[in-house]
Structures are given as structure tokens and as C-alpha cells.
1. Going 7 Å from the Cα of Phe184 along its beta-carbon direction, which residues of the stretch 264-287 have the amide nitrogen within less than 18 Å of the resulting point?
2. Starting from the Cα gyration tensor of the stretch 79-227, multiply each eigenvalue by 5, take the square root, and state the resulting semi-axes largest first in whole Å.
3. Counting only the backbone N, which residues of the stretch 288-329 are under 20 Å from the spot 7 Å out from the Cα of Val385 toward its beta-carbon?
4. Could I have the simple spin-label model distance between Leu225 and Lys107, label points 7 Å from Cα toward Cβ, reported in nm to one decimal?
5. Can you list residues whose amide H is under 5 Å from Gln204's amide H, if they're 5+ apart or on another chain and H is modeled 1.01 Å from N?
6. If a/c stays under 1.5 just call it rounded; otherwise compare a/b with b/c (prolate if a/b is bigger, oblate if not). Do that for the stretch 179-244, with a ≥ b ≥ c from the square roots of the Cα gyration tensor eigenvalues.
7. Which value at 222 nm does the chain reach when only helices count, each DSSP H run of 4 or more adding -39,500 (n - 2.57), with the total divided by all residues and rounded to the nearest 500 deg cm²/dmol?
8. About its Cα centre, what dipole magnitude does the chain give when the only charges are +1 on Lys and Arg Cβ and -1 on Asp and Glu Cβ, stated in debye to the nearest 20?
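The numbers here are math on the coordinates, done by the rules we state, and not lab data. These figures come from a predicted structure and were not determined experimentally. When we count neighbours, we look across all protein chains shown, and the Cβ atoms used for this are built from the backbone with ideal geometry, even at glycine.
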Amino acid sequence: MKTTTNLATLGMAVVLCGPTIGAARAEDWAQFRGPGGHGRSTTSGPVAWSRDENIVWKAELPGAGASTPIVVGDRIYLTSYSGYAVPKEEPGDLDQLVRHLLCVDLKTGKLLWDKQVEARLPEPERIRDHGYAANSVVADSQRVFAFFGKSGVFAFDHSGRQLWHAEVGDGTNGWGTAASPVLFGNAVIVNASVESQSLVALDQKTGKEVWRAKGMRESWSTPLLVPVGDETELVVPVFEKILGFDPQTGKQLWSCNTDIRWYMVPSLVADDGVVYCVGGRSGGALAVRAGGRGDVTDSHRLWTGRKGSNVSSPVYHDGHLYWAHEATGAVYCAEAKSGEIVYEQRLERAGQIYASALLADGKVYYLTRDGRTFVVAAKPDYELVGVNELRDGFTFNASPAAAANRLLIRSDRFLYCVGK
């Protein structure tokens, strides 16, 4: 059964007394790449679907966007932009650019509310490839946090009421802004590399700045929180380095050279205190053990490799790393202990892949920019489980999200709930 909802026609509807949001659940996909930011789902995912099969609902979005949907309870949160440079619409004027924070019912696909934020100008007249709404939001049981680049960080409650707004810098870039916020303790932490070359922590209740760390050079990557014994470190890749911070104070603890001389987009993953990175247009990968101090290149860097990805982030599963190259359509499996490539397989007619890999129920999902999802077994021997078509004439830049044994997949025009 499939239902279609036109969210754009529902305008500025706000539900002030909708479903109660309880405590965040372990299965909630409450941030970019889900629990812990690792791209791993605790629920199973569908294997086969098409535009006419296993689509629970399909909703038309008010504007385009590359942000990944997140899920808290029975609510989906995602962003879009309208008024200017929306694909397949009239160009519009830059002063009409608006960002949207959308709240959608997970069960039905109906819009619960649409909060619009006017852009702080000037913005770049052109953002290459992914537009003006690429940062995913993060939420807990009380608040939803959205980062809109130079327009700032916004906090809302679950009824759509704005609680505060904070600016983290006014820089812009032709590639736009893309890093998503993460939560730690009482802070929301933002990689504002584009806006101020800073890592900024804001108080969740007030939006006041708690700390700021400089040195975020050419990084579009979402920070990763890594458990190290009884402590937690905040780790983020930047130009030529991976940096580790104390998330409570913003103090830099360590740095590790990557030998990747390029900007960094893919997010990191970690397991058992070891951080894994694939990134840089020139290619490259490495592993570094967290917990060091100072320059840990010689003491904690475990291996480096030549294969990587410029956009798509990896997943870790049972001692192996899996990822896709954004341009060639090739997918990789590497041994996490050594970095040795176990297989390199080109997906037939895959095209570009900007979405990050998703692991669910022993399968890895790779979503292409034209809407095809390749499902590959998460094991060292390459096995293609299925290829699923959702092509709708628009671009699929966002990563898929998982919730309640279903997948959420978005294009520049539609949000799909995939499942039986």
C-alpha cells in the first residue's frame, strides 16, 4: 500500500499538541548516520522495493535538500530550501532563499509542522551539487537543533517553537556547508569550518557559547564521539590531519597526520577505540588509535591506504570496513586491522554515490545520486543481494536513514518510507 502526501501544499501548519516525545530510544535515528554516528541500524531493513512496490508512503517536500532524515519516536525531522536555485523550478532571487525545518509523521508521511528560516545574506549565488540544505539536524527528547551555515544554529522544541538562535561565523564556500551537529552532555557541537574555521560548543538550553576550538581547516565532516576507557573524545578530520578534542572543554588532545592532501568530507567511524578515516579527492584511508596526546602519527597511527572516498562515509562491521567511491561506482571491503583491501567491485551502471553507506541486518546499502540502491552482503566475499529503483527525475544526495524496520530515502523533491 502506498499513500502520497504533498507537504508543500500544507504550508506553515504547526501542531502544538501532537504526539508526546518520550526519552530518546536506542533505535531512534536521532542524528546524522544514526546511533553514535556510525551508520549502523539496530533494526532490519527491506531488501526489495521499487516506485510501485514496498513503498509505505511518499511525500512531496517543500523545496530541495541533501540533509538526511532523522527520527525521534514517531517523528521525522529534515531540512529543505526554497525560493532560490531549486532544481527544475524558476531560478528566483537570492534574497528569497528560505530554509525549512520539517517535522513529518513517521507512520503516515503527513507534515506536522514547517518552520521557515530566512537566509542571512549574502550567500553564494551557486552551491555546487547539493544546494543550501545539506546539514542534517540532531535531536533529543526535548529539542531539535538545526545548523544552517552562516545563518546560524537554531533550537526548537518538538512543537516547532523556536527556543534560541546562535551564530557561529559568517564564512561561505562554493561547496556550501554540510557538517551536522552532535550532542554531548549539555552541549550541541558544530563543526563550523566553513563559517569560522572553528569547532563550537553551544549550551543546549540557552545557545550560549561554551567553548570554541580553532584549526578546522577545509572540513565538511560531522564530528564523531569516541569512547576511550571511561572518557570520551571528539574526533574530526581536517586538511591533512585527524584531530582529537576533549568534548567538555574543547581542548585539543592529539593530532595525527593523514597523508591526504585534500579537504575532508566523509565522516569517521570507530570501533574499540580505533578511528577509521577514508577521505580526500586524491584517495586515502587510515586507522589511528584514540587516547594519545600531542602528535600521535608515529605512536598511534596503525596503517594507511591508498583507496578512499571523497564524499561517502564508511561503515564498520565484524572487523571490516565497507564504503563506496563517489565517482567510479566502486565499492570496497577492507580488513580493519590492516587496511588491506579484501575486494574492490564496480557496481554496474551505478553512477555517482554521495550518500554514506548504511548497515542494517547484515547488509550494506549504497544509494546512488539517481535513486538506485545497491544492497550488498556485509561480508568479506562480495555478494550483490539486490538493486532497487526509486528514480524520480530528481537527485538523491542524502544518506538513507533506518527506523522501525523501514528505510527513509529522500530526493530533492520527495521523501520515501520504504518497507512492507
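1. Residues 267-277 fall inside that zone.
2. So the three semi-axes of the stretch 79-227 are 23, 21, 13 Å.
3. The answer is 313-325.
4. 3.0 nm
5. Ala187, Val188
6. It comes out oblate by the Cα gyration axes.
7. Calculated from helices alone, the mean residue ellipticity at 222 nm is -500 deg cm²/dmol.
8. 240 debye
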